[in-house]
Amino acid sequence: MIPKAQRKLEAFKNTHDEAIETIKRFMDEPSSMNELVKWLLTTDASPYGYLTEDCRGMTSSAESLAQLLHAIHHAVEDDGEITFVTVKGQPRIVFANRYDEYFMGVVLDSSEKDLNYHDKVEVLDITPNEFGRVYDEYIAQRTKKCFLFDAARHSLEFAISNYKHYSCWNDSWVEEYNSGDH
């Protein structure tokens, strides 16, 4: 191999290995964000739902996730420039102070601004370690609603076959559908 290319590849490997170690450290050390780190590593949720436009790609590689974790750590431990909100009920992590005048510009993505969702934003009073649980509850409720809709529109069998594989699946949804309490 060409020596210069070999050095560059070795530098890439070192950067990747350092990022993995950073992620492990943030996950393993008890802190105000280690549960959030574990959730980020295990969730099936799309970052397009829980992160702002500028951060959505930051869960796709070790290096970018390490950067995201550094940003969260800096915001939580140093300057407080992190806020947890809901936009139309969907929880989101925002790197901005809720009292800053540009806050809504950070919270809302371009399509939400066009739809004037400013009045659909609520600030959550939660810690970073609570975010994953809150988001999972949101996903479970949204998935249950879709299940019940599909069961009513198509059939119960159709809905079960399409939703049973979701990690938030709950057999009580079938009971709720059968009881008519939906």
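The values are calculated or read from the model by the stated rules, or taken from the named source; none is laboratory data. Source: prediction; values computed, not measured. All Cβ positions, glycine included, derive from the backbone under ideal geometry; neighbour counts span all protein chains shown.
Looking across region 83-105, the residues that are among the hydrophobic types (A, V, I, L, M, F, W, C) and either more than 19 Å from the chain's Cα centre (by Cα) or surrounded by fewer than 19 Cβ atoms within 10 Å (Cβ to Cβ) (or both) come down to PHE95, ALA96, PHE103, MET104.
Within region 51-66, the set of residues being surrounded by 15 or more Cβ atoms within 10 Å (Cβ to Cβ) and in contact (Cβ under 8 Å) with a residue 24 or more places away in the chain comprises LEU51, THR52, CYS55, ALA62, GLU63, LEU65, ALA66.
Scanning region 15-35 for residues that are under 14 Å from ALA66 (Cβ atoms), buried (at least 17 other Cβ atoms within 10 Å of the Cβ) and either β-branched (Val, Ile, Thr) or under 19 Å from the mean Cα position of the chain (by Cα) (or both) yields a count of 5.
Is it the case that some residue within region 5-12 is surrounded by 13 or more Cβ atoms within 10 Å (Cβ to Cβ) and assigned to a helix (DSSP H, G or I)?
no
When restricted to residues that are in contact with a helix residue (DSSP H, G or I) (Cβ under 9 Å, 6 or more places away or on another chain), free of Cβ contacts under 8 Å to residues at least 60 places away in the same chain and among the aromatic types (Phe, Trp, Tyr), region 6-50 contains 2. TYR138 meets the stated requirement of being under 21 Å from the mean Cα position of the chain (by Cα), within 17 Å of TRP39 (Cβ to Cβ) and modelled with pLDDT of 95 or more. Pairs meeting the criteria (first residue in region 112-128 and over 20 Å from PHE95 (Cβ atoms), second residue of a type outside the set (Ser, Thr, Tyr) and assigned to a helix (DSSP H, G or I), beta carbons under 6 Å, at least 6 apart or on different chains) are lacking. The residue of region 148-174 that is farthest from the chain's Cα centre (by Cα), among those that are among the hydrophobic types (A, V, I, L, M, F, W, C), surrounded by 14 or more Cβ atoms within 10 Å (Cβ to Cβ) and assigned to a helix (DSSP H, G or I), is LEU156. TYR177 meets all of the listed conditions (1) surrounded by fewer than 12 Cβ atoms within 10 Å (Cβ to Cβ); (2) in contact (Cβ under 8 Å) with a residue 24 or more places away in the chain but one, namely (1). Here ALA45 meets each of (1) assigned to a loop (DSSP other than H, G, I, E, B); (2) over 21 Å from ILE23 (Cα atoms) with one exception, condition (2). For region 6-27, indicate whether the set of residues that are touching an Asp or Glu at 6+ places or on another chain (Cβ under 8 Å), of a type in the set (A, V, I, L, M) and farther than 19 Å from GLY132 by Cβ is non-empty. Yes - at least one qualifying residue is present in region 6-27. Taking the stated definitions as given, is LYS144 at positive phi and either surrounded by fewer than 18 Cβ atoms within 10 Å (Cβ to Cβ) or modelled with pLDDT of 95 or more (or both)? Judged against the criteria, LYS144 is not a match.
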